[in-house]
Structure formats: C-alpha cells, structure tokens
Amino acid sequence: MINVTKSFLPPIEEYQEYLAKIWDSSHLTNQGPLVKELEGQLKKHLGVENLLFVSNGTIALQLAIKALDLKGEIITTPFSYVATTTSILWENCTPVFADIDPQSFCINPSDIENHITPNTSAILATHVYGYSCDVIKIEEIAKKHNLKVIYDGAHAFGVNVYEKSIFNYGDISTISFHATKLYHTVEGGAIIVKNAELAQKLYLYRSFGHIADNYYTLGINGKNSEFHAAMGLCNLPKVENIMENRKQTVLLYKKLLDSSKLFFPQKHPNQELNYAYFPVVFENENVLLKVKGALANQDINTRRYFYPSLNNLPYLTKKSNCPVSDDLSLRVLCLPLFYDINHVDVERICKIINITI
Ligand SMILES: *Cc1c(COP(=O)(O)O)cnc(C)c1O
C-alpha cells in the first residue's frame, strides 16, 4: 500500500541518544532542556525572534486568537484544514469566509475587503500547501482597517518570501509539527510572534497562566514534552534533504503527468516552495473520483485535501458563497509524496492517472 504521506523517522540510535539524556535528567516536560534547545534551533533555522513550542498546531491557533484578544468576526479562508475554522469557533468568534485566489488557492485579498464590517477584528489566512498568501496586500488591508493578521502556516515550514521566513509576516504565525507534516515532532506545533510583549503573554497562556505561586492570568496547557522535542531535534538537521527529495519527486510527477488535462496551483513569484504537498486539479469531480478509484484499486491512497470547502461545514449557522473554493475543492486531489517514495511507484501512479483522465 502506498499512502498519501509517510512520516519521516530518523535513525533509531539518534532518538535513543536523546532518550538517554531524558533518563539522565528525569525532566520529562514543562519547558525542559530539550524543549529549550529545540526552540533555540528553530528560531535560528527559521530566522525568527520569538517562537514557542506547543502541543499541536490547533492549540497554536487558539492561543493566537486568545492572545490578540480577538472578538466578533474573523475573515478567513474556506480552503484549508478544518482546524483553521474550528479554532475561530472554539474561541467564540465568527468565521467570515472570503473566497480564494484561483492561482495560489490562498485567500483572495480583494475579496477580504468585501467582507469587512465594523465587527471585523482580524484576518486568519492559510499558506495552503506551503503556497504563500499575498502577504503584502494583506498587510496593506490590515493596516488600512486596523485588523490583526494571523497566518496558519501549518504547511509552510521552511518557506521564504521576499528572502525572509514566511513566519515573519502578520502579527502571529502558527505551525503544525504533526506526524503528517513535512517537518514533525510526532505531535506538536509552534507560535511565532513578532511582538515580545505578546510573546510574554503567550508564555503564560501556554502553562496555565502562572509561574510558581504567582497566578497572573487565565491560561491553558499548551506545553509540549521532552520526547516530542527530541524527535524535533533529530529531524531538524534532515529537513533540507527531505525537501530536496520531495522536490525531485514533484519534478518527476510534473514531467510524467499529462498536464494538458490537469492544473496545478501557482506559487507567488517571490517565494520558494517546500513541496509539502502535491495537489493536482482535474477537469471536474467525476474525473477526480475516477482517478481516486483507479488508484485505490492498486492500493494507492490519495486524499481530497481540501474538501469540503470550509464555508459548507454542516455546523456553521450562516452559509457563505465562495464559488472559487467550492469549485476547486471538488476537483483537487493530493498525490502520494514523502521523502523516500519510490520513483517506480511515481511512474506507475502517473500511468494510471494518464489513462484515466
Ligand atoms: C495540520 C493542520 C492544522 C492542525 O495542526 P495539528 O498539529 O494537527 O493540530 C491546522 N491548520 C492546517 C492548515 C493544517 O494542515
């Protein structure tokens, strides 16, 4: 069976070395030495100032909304993983969907402005598949209307835009280090925040709002453990190599697939891709279902990332109209992509697709 993704695992001996350190220190969680080391290495690797390692990418989003004290309406993208929308709802705010750009699949800045009301407090946008949002236009809109900006960067690890980390844009960026992501810590995530005072607030929120016997504020448990940090420390030196392998696979896919009948998202001209996903858009949903079925018959698993378009979630009280996202979410499929996928398998996948479309 070929899955749509497969988690990278470092040589077990490397992980065992960290385990020995954990056994020595008996420090298992609560900002232990490995968590601090990982935070330091991630800041350096990404070129960002304030970074908090947290238990997952969803709590990162929720903490971001909480720390910015957002109320009312948050303009967001319908084309993302469900956690982008549920975080807004969980924090008692209202998601308002702006449609996406048909090239980048990210939120369309010109549609953001159509949805701004006196109740709008922020924009929460996703760099979907690691394709950058139009960060410059979004910044202009946010300044003009006095809105906060959060980027869900769950897919964007290692991406630079205009030669600096994508995580340096917006008030806060979040990442997911879930096992299915390009760079992972089994479970985990991070919050990157420009403002140092806000970072202080987030440090408190992450661990119940108190330091020793001083109770400063309401908080939650968003901490992560030494065991998760250890996986992150093992994987970080490998991530450039992982990205390069994935790039070669994507280039092979693009060479072999009959692109006259397919469409791919287009990246922003001032970014490099991290090859976190390989999304392919078919002519219509019927063709997609035929391809998905033909691959499944050969034990090849694909995923409908992202379907349904989030504006259609059944538990939303208000339906909104996002024709571009509605359409693309019916037609897009992510093909298997992971660091050691066999190129013979890629050839097989392309053959099946080419005869089915
Ligand atoms: C994976 C993902 C999340 C959630 O991250 P977890 O670490 O699984 O909680 C949020 N947003 C997007 C876009 C994701 O893909």
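Values in this text are rule-based calculations from the coordinates and carry no lab data. All values derive from a computational prediction rather than experimental measurement. Note that each Cβ is placed from the backbone with ideal geometry, even for glycine, and that neighbours are counted across all protein chains shown.
A few points about this structure:
- All helices (runs of 4 or more DSSP H) inside region 16-116 with 3 or more residues being away from the ligand (no atom under 15 Å from the Cβ) and surrounded by 15 or more Cβ atoms within 10 Å (Cβ to Cβ): 33-46, 109-114
- Members of region 84-104 that are touching a residue at least 40 places away in the same chain (Cβ under 8 Å), more than 15 Å from His115 (Cβ to Cβ) and under 15 Å from the mean Cα position of the chain (by Cα): Thr84, Ser104
- On the stretch given as region 249-301, residues that are touching a helix residue (DSSP H, G or I) at 6+ places or on another chain (Cβ under 9 Å) and free of Cβ contacts under 8 Å to residues at least 12 places away in the same chain total 3.
- Flag for Gly219 being more than 16 Å from the ligand (Cβ to nearest atom) and in a loop (DSSP other than H, G, I, E, B): yes
- Flag if Tyr183 is under 16 Å from Ala276 (Cα atoms) and either in contact (Cβ under 8 Å) with a residue 40 or more places away in the chain or more than 12 Å from the ligand (Cβ to nearest atom) (or both): yes
- Val280 being surrounded by 15 or more Cβ atoms within 10 Å (Cβ to Cβ) and under 18 Å from Gln103 (Cβ atoms): yes
- Filtered by the rule that a residue be free of Cβ contacts under 8 Å to residues at least 12 places away in the same chain and either assigned to a helix (DSSP H, G or I) or crowded, with 17+ Cβ neighbours inside 10 Å (or both), region 302-337 gives a lone residue, Asp327.
- Residue, nearest to Asn3 (Cα to Cα), within region 169-179, restricted to residues that are assigned to a loop (DSSP other than H, G, I, E, B) and near the ligand (Cβ under 7 Å from one of its atoms): His178
- Selection of region 126-168 for residues being part of a strand (DSSP E or B) and either basic (Lys, Arg) or in contact with a helix residue (DSSP H, G or I) (Cβ under 7 Å, 6 or more places away or on another chain) (or both) yields Thr126, Lys148, Val149, Ile150, Asp152, Asn160, Val161, Lys164, Ser165.
- Residues that are outside any helix (DSSP H, G or I) and buried (at least 18 other Cβ atoms within 10 Å of the Cβ) within region 243-258 comprise just one, Leu257.
- Scanning region 186-210 for residues that are among the basic types (Lys, Arg) and within 16 Å of the ligand (Cβ to nearest atom) returns a single hit, Arg206.
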